[in-house]
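Comments concern the structure below.
The values are calculated or read from the model by the stated rules, or taken from the named source; none is laboratory data. Every value quoted in this text rests on a predicted model; they were computed, and no experiment measured them. Heads up, the Cβs are rebuilt from the backbone with ideal geometry, glycines too, and the neighbour counts pull from every protein chain shown.
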Amino acid sequence: MGDLLVFVLSGLVSGALYALLATGLVLSYSASGLFNFAHGATAYLCALTFYELHSGLGWPAVPAALLVVLVLAPGLGWGLDRLMFRRLARVGETAQIVATIGLLVALPAAGLWAVELLADAGAPVKPAENQFGLPGVGPSPAKSWQLTDGVGIDSDQLITWVVTALVAVALWVLMRHTRIGLRLRAAVDNRSLTELRGISADRLSSVAWMIASALAGLAGVLATPLLGLSAHDFTLFLFVSATAAVIGRFASVPLAFAGGLGLGVLQNLVAGYASFAESVTGFRTAVPFLILFGGLLVLTRRARAAGVAAVDAPPVDHLAGASWGRRWGLWAAGAGLLCIAFYTVTTPFWSGLLAQGLAIALVFMSFTVVTGLGAMVSLAQGTFVTGAALVAGLLMSRGWPFVAALAVGTCAAALLGALVALPALRLGGRSLALATLALAFLADQVLFQLRWLRNGDTGWSIPRPVFGPVDLSDDRALGVALVVLVALVAAGLSALRNSPSGRAMLAVRSAPAAAAASGVSVLRTKLLLFTLSAGLAGFGGVLYASYNTRITATDFTAMTGLVWLAVVVAAGVRRPQYAVVAGLVYAVAPRLLSDYVTESAHLPVILFGLAGLALANDPDGYCAAVPVRLAKRRAVGPAGGSSPTPPLPEPGLRPRPRSSNAGGAERTASPAFEARGVGGGAPDGSGRSPVSGRGGVGEGPAGAAPALALRGVTAGYDGGLVLHGVGLDVRKGEILALLGPNGAGKSTACRVAAGSLPVSGGAVYVSGRDATRDGAVRRARAGVLLAPEGRGIFPALTIEENLALYLKEADARATVYARFPRLAQRRGIPAGALSGGEQQMLALAPLLQRPPAVLIADEPSLGLAPRVVEEVYALLTELRDAGTALLLVEEKAAGILGVADTVAYLSQGRVSWCGPRAEVEADRLTEAYLGRGT
């Protein structure tokens, strides 16, 4: 019983730290959609600062801890969000993972380099790297108390428990009983809807990152006595705490917090009571990674594949269809010059350095296969390199020739890759990356600890081969041989990419559901890619070890693989030639920096890590960005700009003349009509014009500005236009019904009007003010609200919380409950548990209490019973009578025509007719829905 209590109490210490880190991970991920692999590095940097302030500069422990946790850590989170995370949230998941891994590498090195610089300047700092047995916030040495026989606690443990409990209570109060907490939970539930309600998701993201960094800083300070100052240990702590974040589904703070506490206890109990662990070297230290891998397999939900668009579009290949010389001439010339340089201008030192870069380039090209072709982030490439090299070294020690040992080592790495991939491939994105990293750590802790495989600490000798007269012990000969090998592998990968199998792999990368529907086996393709990548990594690993002439089990750890990935993706992971550039830079840059900049070993690590930050601007890497920029420069032309092509008039309509608005600025009216009518005649040629043309924006029959006006708007997605010169006016106290078939552009027009989709051309006016550049938040604060298709509610929030987001006053909410007793009876349940009609009532009810200037409703009757639809239309009519301007989008024309004042038909992104409801004709309605509007 005493042993059990000891295991539980000590487990609660590590569990408390896991809980703090996991809570920060969930908060930051929920607010931005970004999993921060550098969360542990933030904790380490804060622990390092606390140590130097307390032990070096002599500050008292508590003020130093408060400065770090309440000032430094939140400031770091705010700065990183503004400089990096906001932009990263808009790029692909691969770039997100690699950029934060680069930050994981850079932050500890930046802290240690700062300490070096301060020491050189004479500051009383202390050596910081890999220091252990350090003082914490409490007394030093720690005080101990004996609870029972054999069971005791010390002051550091007690402080950790008390502080963690206080933080848990504070987080609960923040998230459940403050307005900022309510908004944070709303952003977690539906980020885009918070912006449509006038709440800045970017500001919420900054708050979340500040809180997350403060929690990481607190964990770092509390963990200083336990972990010391080891960046490696802090990183491992983060990856274990990621299991607790998985338990919370990356969304629930309470579940993640409880999961962290339970994880620490479970880890101790398994390590303490697993009797078989005594015979397995490294098992006890590997327990957290077993739990992480198992938790990912069991708790991670499979992503929905069908019905989603491809999100990983490749960059435009500006050399597609070009001749071989144009595509490969520069690279071939570079390879030839490099071969000549080995025997002419390079010294033996630089020949060896370039040969090393070419050898590591072979390993780097394995990332081109698994990540460039397969869009899978593998963090186990260092494991495959080590495994292949150890097997090859073992065989050569038994007398095997180099080529045979190389072949067997490559096959062993490929087999190991298949074994890693089989359980992990059901995962994707960050979960797959974490799973492969957990397996890499397991290999480091268990597999590579087998004495027959590692040969103790000395490792194996891997002499360079001799092929007849060619002796590769000469760095120059080795360099030329590696140039040939690298060229052959690059050519092979390029041929694979352009082959039918390569096209199938690219199809699986971009759209797995579509590839499966075309007869491509997604699982088999991914398994093939993973196995091929592991084999190539093993092949390059044996050659790299041959360059060094020796391999040990600690030469290429899992953490080494993280640095490799950051370097390759920062250069460009889609093309093998970019991996060669990355290999040469990886080998040469540290030497150049040490010779001409600084001798510190930390600066190259910082630069390699920060290279990942460039992915926020160029997610395909800096090498891939060069031809894109050159192509854009050629497209602009020598005159500095290209003349735009004038828009063509809509078929069947006369082109409208340009007119000037009230401010004198020139604008183009809609091709079909101008401001609800076409001056000089109706589109159907009848001469009917519901409202005569008006001179300036904002002028109406009585001189009143329209509440919402679209003028010649063009807009679309990813360069493809959906709207072509749309113009609409919606006036105060008016319902404008926008009708049209599927694909006409109705929802796009709603998003443009609400500010959630920028326009490519034209202008948007709100109450006569040009609001074209305003985003969704500013439009909502100006009184323009969008009720999106489906339901404009936050399903995870209660009815009371949904109302409180829009109505701060309790009296206003009480009035809503008096009007809608069904909502009052169920105010404490999540809104997602309501029926469709009740959800729509919840979305519209607060608007009756505080009517907006403009309401844009996209399919408000979608999925509702006819009786409920009548109730919804009655609410919309009530809003109109209260002075709200309503733009309603519907596919069911019959119901909406009963309440509309004005009707506009949209067909193929153009308004084909607009006029009063009384002038709607059945044949015109039929033509509009068949897409044949005149």
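For every residue, the table says whether it meets (1) outside the structural domain of THR554 (by TED's automatic domain parsing); (2) of a type in the set (Phe, Trp, Tyr); (3) at pLDDT below 90.
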{"position": "ALA359", "(1), (2), (3)": "no, no, no"}
{"position": "VAL377", "(1), (2), (3)": "no, no, yes"}
{"position": "PHE384", "(1), (2), (3)": "no, yes, no"}
{"position": "SER397", "(1), (2), (3)": "no, no, no"}
Item to complete: Please list, ordered by first then second residue, the pairs with beta carbon atoms under 8 Å, 6 or more apart or interchain, first in the stretch 844-872 and at positive phi and in the same structural domain as PRO741 (by TED's automatic domain parsing), second of a type in the set (Asp, Glu) and surrounded by fewer than 19 Cβ atoms within 10 Å (Cβ to Cβ).
Response: GLU859/GLU789; GLU859/GLU891
Practice prompt. Just name the residue that is surrounded by the most Cβ atoms within 10 Å (Cβ to Cβ) out of those in the stretch 731-769 that are among the β-branched types (Val, Ile, Thr) and either within 29 Å of the chain's Cα centre (by Cα) or not assigned by TED's automatic domain parsing to the domain that holds THR902 (or both).
Written response: VAL752
Discussion item. If ALA242 meets every condition in (1) closer than 25 Å to THR554 by Cβ; (2) among the small types (Gly, Ala, Ser); (3) over 23 Å from the mean Cα position of the chain (by Cα) apart from one, which number is that one?
Written reply: (3)
Discussion item. Pull out all pairs, ordered by first then second residue, where Cβ-Cβ is under 8 Å, the residues are six or more apart or on different chains, the first lies in the stretch 375-394 and is under 12 Å from THR554 (Cβ atoms), and the second is of a type in the set (Val, Ile, Thr) and surrounded by fewer than 24 Cβ atoms within 10 Å (Cβ to Cβ).
Written reply: GLY382/THR557; GLY382/THR560; THR386/THR557
Discussion item. Just checking, does the stretch 773-784 include any residue being among the β-branched types (Val, Ile, Thr), in contact (Cβ under 8 Å) with a residue 24 or more places away in the chain and within 23 Å of GLU870 (Cβ to Cβ)?
Written reply: no
Worksheet item: In this structure, does ILE793 turn out to be surrounded by fewer than 17 Cβ atoms within 10 Å (Cβ to Cβ), touching a helix residue (DSSP H, G or I) at 6+ places or on another chain (Cβ under 9 Å) and in contact (Cβ under 8 Å) with a residue 24 or more places away in the chain?
Response: no
Item to complete: Sort out which residues of the stretch 589-608 are in contact (Cβ under 8 Å) with a residue 60 or more places away in the chain and in a loop (DSSP other than H, G, I, E, B), and write them in order of number.
Response: SER600
Discussion item. For the structure I just gave you, tell me whether GLU871 is among the charged types (D, E, K, R) and either at pLDDT 80 or above or under 40 Å from the mean Cα position of the chain (by Cα) (or both).
Written reply: yes
Response to the item:
Within the stretch 489-505, residues being surrounded by 21 or more Cβ atoms within 10 Å (Cβ to Cβ) and either of a type in the set (S, T, N, Q) or closer than 16 Å to THR525 by Cβ (or both) number 2
Fill in: Output for the stretch 821-868, where each listed residue is under 32 Å from the mean Cα position of the chain (by Cα), among the β-branched types (Val, Ile, Thr) and under 22 Å from GLU890 (Cβ atoms)
ILE856
Worksheet entry | In the stretch 41-60, the residues that are assigned to a helix (DSSP H, G or I) and of a type in the set (A, V, I, L, M) | ALA41, ALA43, LEU45, ALA47, LEU48, LEU53
Worksheet item: Going by the conditions given, is GLY152 touching a strand residue (DSSP E or B) at 6+ places or on another chain (Cβ under 8 Å) and more than 22 Å from LEU66 (Cβ to Cβ)?
Response: yes
Discussion item. Looking only at the stretch 875-934, filter to residues that are modelled with pLDDT under 85 and acidic (Asp, Glu); which one of those is farthest from ALA744 (Cα to Cα)?
Written reply: GLU919
Worksheet item: Just one of THR531, THR525, THR554 is in a loop (DSSP other than H, G, I, E, B) and over 24 Å from the mean Cα position of the chain (by Cα); which is it?
Response: THR554
Worksheet entry | Tally of residues being in contact with a Pro (Cβ under 6 Å, 6 or more places away or on another chain) and of a type in the set (Ser, Thr, Tyr) across the stretch 799-817 | 1
Response to the item:
Expected single match for in a loop (DSSP other than H, G, I, E, B), free of Cβ contacts under 8 Å to residues at least 60 places away in the same chain and surrounded by fewer than 23 Cβ atoms within 10 Å (Cβ to Cβ) among PRO135, PRO141, PRO63, PRO124 is PRO141
Practice prompt. Restricting attention to the stretch 454-469, report how many residues are at pLDDT 85 or above and either outside the structural domain of ALA405 (by TED's automatic domain parsing) or surrounded by fewer than 16 Cβ atoms within 10 Å (Cβ to Cβ) (or both).
Written response: 3
